[in-house]
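Have a look at the structure below before the remarks.
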Amino acid sequence: MAHGRMKGIPEKPKHGKKTVLRLLRYLAGNRCLLAVVMLLVLINIGTGLGASYLMRPIINNYIVPGNADGLAEMLLLLLGVYLLGVVATNIEYRLLNVMGQKNGGTHPQGLVSQRATPARRLFR
């Protein structure tokens, strides 16, 4: 395994489009859950960006001037944004687990590594 910067142009995937289409067929039975997970991912991204963008006004408008009442309000808002992100992430992970458990035994044989089959024989 090489360390440091990659030299040259990275290799292009051999069957990238084919692989993505195969994975989408694999997940097709969970379209509703997948849509909810995507929405939760967007909420998580939005809360992360929102919390970052709230920091500058909190520092410039409330901490530096010494406005304690306004600072308390803004910190409660910031806490709410972070809590929304945490809840969205928690629900997202739970839904992904549900999707994985539903499809656990239905994966296409091509997605399983050939190296995994000898180890499976040991635990049957």
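No lab work stands behind these numbers, since they all come straight from the coordinates. Since we're looking at a predicted model, the values are computed, not measured. A quick note on method: Cβ atoms are made from the backbone with ideal geometry, for glycine too, and the neighbour counts reach across all protein chains shown.
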Give the number of residues within the stretch 58-71 that are loosely packed, with under 11 Cβ neighbours inside 10 Å and in a helix (DSSP H, G or I). 3
If you go through Val20, Val37, the only one that is in a helix (DSSP H, G or I) and surrounded by 12 or more Cβ atoms within 10 Å (Cβ to Cβ) is Val37
Quick test for you: out of Gly80, Gly50, pick the one residue that is in contact (Cβ under 8 Å) with a residue 12 or more places away in the chain and in a helix (DSSP H, G or I). Gly50
